[in-house]
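In what follows, a single structure is set out as structure tokens and then discussed.
The values are calculated or read from the model by the stated rules, or taken from the named source; none is laboratory data. Only a predicted model underlies this, so the values are computations on that prediction, with no experimental measurement involved. In this analysis, Cβ positions are derived from the backbone assuming ideal geometry, glycine residues included, and neighbour counts consider all displayed protein chains. Each accessible area value is taken on the protein alone, full model and side chains, heavy atoms only, with ligands, DNA and RNA left out. Shrake-Rupley method; radii C 1.70, N 1.55, O 1.52, S 1.80 Å.
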Amino acid sequence: MSFAVALLAASTLALTPMGLSPTGSPAGGAHGEGADVSAVFADPTGDVLRAVTFDSDAVPPGARVTVTERTGRDGTRIRLRLEGVEPDRTFGAHVHTNPCGTRPEDSGGHYQQDRDPKQPSTDPAYANPRNEVWLDLTTDGRGDGSSSASVAWRFRPGEARSVVIHEHATERAPGRAGMAGARLACVNVPFA
């Protein structure tokens with residue numbers, strides 16, 4: 001291998017977040033863990049569904065969601081993609097502790113790596129994008145949008161179970177940090 005090719009390969013790995021290769025797999029030959037979920041939103045029923053909508057105007061039944069998780073030596077990267085939801089709108093989105101259910105509140109609170117002793121958490125020392133996974137996004141004219149977040153830790157086993165789509169962008173001010181309005185939809189994700 002020429003020096004120029006070796007230098008280019010090394011620079012590509014150095015610029016890739018969290019020790020992941022450009023394809024999203026862990027760099028250095030290790031096989032990372034992660035979840036891949038692609039689902040269609042449906043109205044909540046008594047059956048356990050992969051993805052449920054609680055607001056059919058903002059997130060209509062039949063809209064699609066994709067969540068991808070990849071873990072590496074340096075943490076976790078989550079990607080969220082919505083298709084066919086309300087166009088030209090900003091949504092908040094977070095990883096939650098419980099699976100989706102037939103009611104919006106079934107998904108529990110936000111996953112926090114360092115748990116705030118006061119719940120629900122609105123203290124920016126805990127409710128922030130370094131301690132939680134915030135996936136806010138704005139859709140285009142077709143209702144499609146995507147976002148990603150990287151954190152320097154991995155989920156505790158069994159404590160991160162879903163991604164919830166919220167009414168508006170996530171707030172950051174003391175006493176309101178982490179708030180994003182009503183829970184509009186939810187997708188179950190088997191996070192690693």
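Scanning the range 120-127 finds no residues that are under 23 Å from Val52 (Cβ atoms), surrounded by fewer than 18 Cβ atoms within 10 Å (Cβ to Cβ) and β-branched (Val, Ile, Thr). Scanning the range 168-181 for residues that are surrounded by fewer than 24 Cβ atoms within 10 Å (Cβ to Cβ) and in contact with a strand residue (DSSP E or B) (Cβ under 7 Å, 6 or more places away or on another chain) turns up His168, Ala169, Ala180, Gly181. Criterion applied to Glu83, Glu69 was being of a type outside the set (Ser, Thr, Tyr) and within 11 Å of the chain's Cα centre (by Cα), and the one residue passing it is Glu69. I'd like the full set of residues that are crowded, with 16+ Cβ neighbours inside 10 Å and either among the acidic types (Asp, Glu) or over 20 Å from Arg64 (Cα atoms) (or both), limited to the range 128-147. Across the range 128-147, the qualifying residues are Asn128, Pro129, Asn131, Glu132, Val133, Asp136, Asp144.
Listed here are the residues, each with its yes/no results for (1) more than 21 Å from Pro157 (Cβ to Cβ); (2) of a type in the set (A, V, I, L, M); (3) modelled with pLDDT of 95 or more.
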| position | (1), (2), (3) |
| --- | --- |
| Ala14 | yes, yes, no |
| Ser21 | yes, no, no |
| Thr45 | yes, no, no |
| Pro60 | yes, no, yes |
| Arg77 | no, no, yes |
| Thr90 | yes, no, yes |
| Pro99 | no, no, yes |
| Gly109 | no, no, yes |
| Arg115 | no, no, yes |
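For the range 148-167, residues that are open to solvent by 50 Å² or more (accessible area, probe 1.4 Å) and in contact with an Asp or Glu (Cβ under 9 Å, 6 or more places away or on another chain) total 4.
Listed by first and then second residue, the pairs linking a residue in the range 79-97 that is assigned to a strand (DSSP E or B) and acidic (Asp, Glu) to a residue that is open to solvent by 40 Å² or more (accessible area, probe 1.4 Å) and modelled with pLDDT of 95 or more, with Cβ atoms under 9 Å apart and 6 or more places separating them unless they lie on different chains, are Glu83/Arg64; Glu83/Thr66; Glu83/Arg142.
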